[in-house]
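Contents: one structure, followed by commentary.
The values are calculated or read from the model by the stated rules, or taken from the named source; none is laboratory data. Bear in mind the structure is a predicted one, so any value in this text is a computation, not a measurement. Positions of Cβ are generated from backbone atoms using ideal geometry, with glycine treated the same way; all protein chains shown enter the neighbour counts. Heads up: the accessible areas ignore ligands, DNA and RNA and are worked out on the full protein's heavy atoms, side chains in. Shrake-Rupley method; radii C 1.70, N 1.55, O 1.52, S 1.80 Å.
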Amino acid sequence: MADLPLEPGQTIGILGGGQLGRMLAEAASRLGFDVAILDPEPDAPAGRVAAHRFVAGYDDPKALAALAAVASVVTYEFENVPAAAVAQLAGMGALVAPGPEALRVAQDRLAEKTFLNAHGAPTVAFAAADSAEAAVAAVEQVGAPALMKTRREGYDGKGQRWVEHAADAAKAFAELGGAPVIVEAAAAFERELSVIAARGRDGAIAVYPLAENHHEGGILRRSIAPARVSAAVADQAERIAARILAGLDYVGVIGVELFEMAGGQLLVNEIAPRVHNTGHWTQDGCDVDQFEQHIRAVAGWPLGPTAAVARVEMLNLLGDEAAGWRRFAAEPETRLHLYGKRDAKPGRKMGHINRVKGL
Ligand code: AMP
């Protein structure tokens, strides 16, 4: 097992080479670490800024062994990391953070909501279904309209269907491929908020101010942070984040997506056991951003301050919007973050801008 804290000069492994891996690698490099990226894609954005890259599947035993040989601490940038990969890495002496329980919970919407409710983090009412008949019963139980989601592998609004009447549930279940689903009561939320938080190896917890988030077509478009919220809402978010982090014995940064209901009650929509798109504002709104915070946590370093030093509007640059970089680069209040992706497919996250304002 690695000795902690990790010393500058040592190597941190990252499963996944997308933009989150790239920004983690940049933060790690600022602290003097080398980074090793494992990603099936030869041209992955993070691989191009890393000291070591392994181009292979996440379940490739040889590549995992090579990763464990250079990196004593391994983390990841997406939640669908195979459990077997984590077990292999751990078996070879690598410290994997966040740990297997965080992955188990985040990979299955039923396990996730069950965990959240058991740890005092409220959610909408929900019911699970494994068959068309059970899907009808689940919608009857939670009440229509309801949102049916596949238990596994949905993201950016994919793998979801609104069900207006219980009678439509069997059709929605079939359209989602007949895979196990969770049926959620519709949340009549006022706003979507999120909280980014971190827990260190020593159990210390640091929570960033809330972000207010706006989605289009299931994809995050815009975040504003710190969100204008009451002290009661900020307190709830902190308490919810702390309960989740402690309940998972978590190490690293977590993203918690929230619904703000009328009257200010918060419900948790979902958790992401990684750095999160709604935390990109911290790059230009905080002294220590979510990427450095995550690296500090997994390396066994002290966590950094989370107070906002500026107010930020973060806008994702999707598809060919990043081609407008000249205009953004010319705006004095705008910080441009581009991911180096070659292929600007519609809706693909190519970069983001942080427009920095006074607090
Ligand atoms: P998710 O994939 O679970 O993050 O959901 C994507 C988006 O769908 C959320 O950001 C919400 O805008 C919306 N959504 C998810 N679950 C619910 C729900 N139970 N009620 C109302 N809207 C929801």
In deg cm²/dmol, rounded to the nearest 500, the helical mean residue ellipticity at 222 nm of the chain, built from -39500 (n - 2.57) for every DSSP H run of length 4 or more, is -8000 deg cm²/dmol
Grab the other residues whose beta carbon is less than 13 angstrom from that of residue 98, score K and R as +1, D and E as -1, and report the net. 0
Taking region 78-145, which GluC sites (Glu not before Pro) meet the DSSP loop condition and have no more than 12 other C-beta atoms within 10 Å? none
Quick one: check the C-alpha center-to-center distance for region 104-176 versus region 233-294, whole angstrom. 23 Å
Got the relative contact order for the chain handy, in percent, Cα pairs under 8 Å and 6 or more residues apart? 14 percent
Determine the principal axes of the Cα atoms in region 229-281, then give the extent along each, sorted from largest to smallest and rounded to whole angstroms. 32, 24, 18
Shape parameters for region 184-333, alpha-carbon atoms, Rg then Dmax in Å: 15.6, 46
Note to self: C-alpha centroids of region 310-359 and region 1-46 sit apart, in Å, by 23 Å
Surface/4 of the Cα convex hull for the chain, nm²: 17.4 nm²
Between residue 73 and residues 5 or more places away or on another chain, which pairs have amide H atoms under 5 Å apart, with H built 1.01 Å from N, and which residues are they? 13, 95
Run the simple label-point estimate for residue 309 and residue 62 please: 7 Å along Cα→C-beta, distance reported in nm. 4.7 nm
Let me know the volume per residue of the alpha-carbon convex hull for region 45-125, in Å³. 116 Å³
Taking the full set of protein chains and a 1.4 angstrom probe, give the accessible area of residue 249 in square angstrom, rounded to the nearest 10. 110 Å²
Can you tell me how region 195-273 classifies by the Cα gyration tensor, rounded, prolate or oblate, using a/c under 1.5 as the rounded cut? prolate
Which stretch or stretches of region 301-345 have amide N atoms under 18 Å from the point lying 7 Å from residue 31's Cα along the Cα→Cβ direction? 301-307
Are there trypsin sites (Lys or Arg not before Pro) in region 1-99 that DSSP marks as loop and that have at most 16 other Cβ atoms within 10 Å, and which are they? none
For region 76-227: rounded, prolate or oblate by the Cα gyration tensor [a/c cutoff 1.5]: oblate
May I ask you to list the trypsin sites (Lys or Arg not before Pro) in region 271-359 that are in a DSSP loop and have at most 12 other Cβ atoms within 10 Å of their Cβ? 342
Contour minus end-to-end for residue 214 and residue 130, with contour as 0.36 nm per residue of separation and end-to-end as the Cα-Cα distance? 27.1 nm
Counting only protein heavy atoms and rolling a 1.4 Å probe, one gets per residue an accessible area for the chain in Å² of 40 Å²
When the Karplus curve 6.51 cos²θ - 1.76 cosθ + 1.60 is applied with θ = phi - 60°, which whole-Hz ³J(HN,Hα) does each residue of region 169-174 get, with x for Gly and Pro? 5, 5, 5, 4, 4, 5
Pairs 149/345; 158/341; 62/149; 149/357: which exceed 32 Å Cα-Cα? 62/149; 149/357
From largest accessible area down, sort 325, 281, 162, 301; use a 1.4 Å probe on the protein chains. 162, 325, 301, 281
